[in-house]
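This report concerns only the one structure given below.
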Amino acid sequence: MNQWLTLFQKEILEMWRNFKWIWVPITFILLGVSKPITTYYTPQIIKSFGDLPEGAVIDIPPPSAAEVFIQALSQYSSLGVLIIVLSTMGIIAAERKSGVAAMILVKPVSYLSFVTAKWAGGILLLWFSLFIGSIATWYYTGILFAWIPAGDLIQSLLLYGLWLTVVLTLTVFFSASLMTPGIAGFLSIAIVIIFNIISSTFSTWLEWSPAQLTSYANEVLLSKTVPEQALSTSLIAFACIIVLLGFSVVIFRKKELAS
């Protein structure tokens, strides 16, 4: 356990040195708060720059607070996924390429501890950034529109965060399997996009798909109830995370022993 904590602390420190603890949360905040602000001021922006004829009246029905918050969260399932992949794709591959991983593993360090400590560091950064960004978005949505109940906020964030955790674990898997961070990132994004397209196209048959977690999170905000499929989908998402993490350790061990 002491070995794992040492590796985990090393990963946290490395993220500080790379400024990830600064730019990732700030990016999540900017992605989140931009939606309620632009939505609220859209009529004024159109009026100022739209070159409308004299006497024209702009009457845009204001969206509900839940709709605004959903639009903000959708930024995390698109641009947020890109940020997660970019900040994680070299978490193992870069150290393998530079030889740092080999130097660490020469000591009595287990492959399981090495991979899971890095994964845990990425998870901590992800959930911290998601929480900070969502709280800022919730605040601006409440100030400009209406306040979303804290219970609905927490439930929706748990579902969104679980899906983003699957994405991060997938990226760690490719980072452990490949030595080139760019290829690991490209494959991660490609699979997430394909998975999202298939899940949305065949949503009736793929209600259990982890990619549906974002839809269930939106439904929590709109209907204020948790969908029946959310529990089974969450369990499958947890299973995917465990399987991907297990394969990451096995493949990383084989790659390192082979080299």
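The values are calculated or read from the model by the stated rules, or taken from the named source; none is laboratory data. This is a predicted model, so every value here is computed, not measured. FYI the Cβ positions are ideal-geometry reconstructions off the backbone, even for glycines, and counts take in every protein chain you see.
Of the set (1) closer than 18 Å to I91 by Cβ; (2) touching a residue at least 24 places away in the same chain (Cβ under 8 Å), all apply to I191 but (2).
Residues of the range 86-104 that are surrounded by fewer than 23 Cβ atoms within 10 Å (Cβ to Cβ) and within 10 Å of A184 (Cα to Cα): L86, G90. Screening the candidates V249, V243 for the property of being more than 18 Å from the chain's Cα centre (by Cα) and at pLDDT 95 or above yields one hit, V243. Of a type in the set (D, E, K, R) and at pLDDT 90 or above - does that describe any residue in the range 43-60? Looking through the range 43-60, none of the residues is of a type in the set (D, E, K, R) and at pLDDT 90 or above. Just one residue in the set A237, A217 is within 29 Å of A93 (Cα to Cα) and of a type in the set (A, V, I, L, M, F, W, C); that residue is A237. Where residues in the range 61-71 are modelled with pLDDT under 90 and in contact with a Ser or Thr (Cβ under 9 Å, 6 or more places away or on another chain), which of them is farthest from F128 (Cα to Cα)? In this case the residue turns out to be P62.
One residue stands out among those in the range 109-159 that are among the hydroxyl-bearing types (S, T, Y) and closer than 30 Å to L222 by Cα: the one that is surrounded by the fewest Cβ atoms within 10 Å (Cβ to Cβ), which is Y139. Are any residues in the range 4-38 of a type in the set (F, W, Y) and either within 21 Å of S113 (Cβ to Cβ) or touching a strand residue (DSSP E or B) at 6+ places or on another chain (Cβ under 7 Å) (or both), and if so, which ones? Result: W4, F8, W16. You will find that of S175, S199, S188, the residue that is hydroxyl-bearing (S, T, Y), buried (at least 19 other Cβ atoms within 10 Å of the Cβ) and in contact with a Phe, Trp or Tyr (Cβ under 7 Å, 6 or more places away or on another chain) is S188 and no other.
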